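The values are calculated or read from the model by the stated rules, or taken from the named source; none is laboratory data. Bear in mind that the values here come from a model prediction, so they are computed numbers and not experimental data. Note that each Cβ is placed from the backbone with ideal geometry, even for glycine, and that neighbours are counted across all protein chains shown.
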Amino acid sequence: MTKGLIIRKQLSRPVSGAVSAVIARDLLRLVAGFDGDPPALLRQAGLAHLIPSLLAPGKTGQPLLHDDFTRLYAHCTWLLDAHAARQEGREPLTKAGIDMLCHCIITCRTLRDAIDRTDQFSALIGPRLARLVLKVEDGAATLAMPTVRRVRNACAYLSDLTGLSTYHRLFGWLIGEDIPLLGVAMRYPPLLDERTASYLVPCPVRHGAPENSVRFAAIYLDRPVIRTTFELDHLLGYFPFDMELVQSKEAPLSERLSHLFSTMLASGDTPSSAIELARQFSISVATLKRRLMAEGTSLAQIKTKAKYALACQLLLDPRLTITEVGRRTRFSDTGAFRRAFYQWTGQSPSAWRLSHIS
């Protein structure tokens, strides 16, 4: 069914490093329209040098440098989202809330799990963050973000479109792949300049839809989450307003599997079989084994290294017994764990712990 999906042409974004002044002016127009002060906002964002080119009547305006636009977009979005929240009589979402969501989903096994956990997180802090509804039909996944807004004006539109854009880029980053969009729908009339909407979501937007949503090929749902907490710490320095976020990640298959096995062990899940892993990466079992062999390793070696790394981490916690460490690293019994650990280190788990905990 997936092969029958026709991916719509992705709208091209401006050349990396430059953003059209038309988009910046459209955002500032919204700020002015909702009791904001564009000159004050630009000064607050450290962009006072842009006031003449962006606010002077009749000026065409030079394209904005990428970093300048990122700051402008962040300040405009926070201001307008706060206004949209006040319209509904609720507290707005904060950067801390977004960061906490990312920390909650970085340990998920697959994109499907990440979407489910995102919805659970949204339920906990709602209505500051919209709920997510995932539907799969005919090889396509529709991720809906139902709006409960009573007021659907331009600032609410920007807030919801930014939400869809944020989820799309975050989920692609988690699995290390660009996720081509099959469609974007908004439960609004077109309230932003088309160039602004196209910059936020590189796909034609259908307006007047039943719900806000994005569509993509369902095969991505079973892709494993391959990013690490170290990478997340770096991401959160500029997410979600850096529109040039690199989602795809060229990483060896063995590296992706190592992270996946480590995540599964740490969360207490049963490690996936070769068949399940091959399906997740959309390759055959034979291809999976052949690629790992070319990288000088195997599934068994990757699993063993993941167990060893987790065992060392757990042994550094003096509150855990040796038996508990063996159980968490999925050994059949304490004796099997002791024998394996001695083979890895030449020491018993107890002796290793004493030498590493001062």
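Of all residue pairs spaced 6 or more apart or on separate chains, those with beta-carbon atoms under 6 Å, a first member in the range 185-206 that is touching a residue at least 12 places away in the same chain (Cβ under 8 Å) and a second member that is in a strand (DSSP E or B) and of a type in the set (Gly, Ala, Ser) are 185/213; 206/185. In the range 323-357, which residues are surrounded by 18 or more Cβ atoms within 10 Å (Cβ to Cβ) and not basic (Lys, Arg)? Matches in the range 323-357: 325, 326, 329, 331, 337, 340, 341, 349, 352.
Taken over the range 290-322, the criterion of being surrounded by fewer than 18 Cβ atoms within 10 Å (Cβ to Cβ), within 13 Å of residue 263 (Cα to Cα) and among the hydrophobic types (A, V, I, L, M, F, W, C) is satisfied by 309 alone. Taken over the range 52-68, the residue count meeting the criterion of being surrounded by fewer than 15 Cβ atoms within 10 Å (Cβ to Cβ) and over 28 Å from the mean Cα position of the chain (by Cα) is 7. In the range 243-256, the condition of being at pLDDT 90 or above and farther than 30 Å from residue 65 by Cα is met by no residue.
So, residue 170, is that one at pLDDT 90 or above, aliphatic (A, V, I, L, M) and farther than 28 Å from residue 150 by Cβ or not? For residue 170, the condition - at pLDDT 90 or above, aliphatic (A, V, I, L, M) and farther than 28 Å from residue 150 by Cβ - is not met. Residues in the range 105-117 that are touching a Lys or Arg at 6+ places or on another chain (Cβ under 8 Å) and at pLDDT 95 or above: 2 in all. Looking only at residues in the range 278-293 that are in contact (Cβ under 8 Å) with a residue 40 or more places away in the chain and assigned to a helix (DSSP H, G or I), the one that is nearest to residue 109 (Cα to Cα) is 280.
For the range 220-237, a residue qualifies if it is crowded, with 17+ Cβ neighbours inside 10 Å, assigned to a helix (DSSP H, G or I) and not aromatic (Phe, Trp, Tyr), and the qualifying residues are 221, 222, 232, 235. When residue 272 is tested against the conditions (1) surrounded by fewer than 18 Cβ atoms within 10 Å (Cβ to Cβ); (2) assigned to a loop (DSSP other than H, G, I, E, B), the lone failure is (1). Cβ separations smaller than 7 Å between residues 6+ apart or across chains give the following pairs from the range 167-178 residues that are assigned by TED's automatic domain parsing to the domain that holds residue 103 and part of a loop (DSSP other than H, G, I, E, B) to residues that are small (Gly, Ala, Ser) and surrounded by fewer than 21 Cβ atoms within 10 Å (Cβ to Cβ): 176/248; 176/251; 177/248; 178/248.
Scoring residue 149 on the criteria (1) touching a Phe, Trp or Tyr at 6+ places or on another chain (Cβ under 7 Å); (2) assigned to a loop (DSSP other than H, G, I, E, B) leaves a single failure, condition (1). Filtering the range 52-81 to residues that are among the aliphatic types (A, V, I, L, M) and touching a residue at least 24 places away in the same chain (Cβ under 8 Å) leaves 54, 55, 64, 65, 72, 74, 79, 80.
Is there a residue being surrounded by 16 or more Cβ atoms within 10 Å (Cβ to Cβ), in contact with a helix residue (DSSP H, G or I) (Cβ under 6 Å, 6 or more places away or on another chain), part of a loop (DSSP other than H, G, I, E, B) and at negative phi anywhere in the range 116-124? No, because not a single residue in the range 116-124 is surrounded by 16 or more Cβ atoms within 10 Å (Cβ to Cβ), in contact with a helix residue (DSSP H, G or I) (Cβ under 6 Å, 6 or more places away or on another chain), part of a loop (DSSP other than H, G, I, E, B) and at negative phi.
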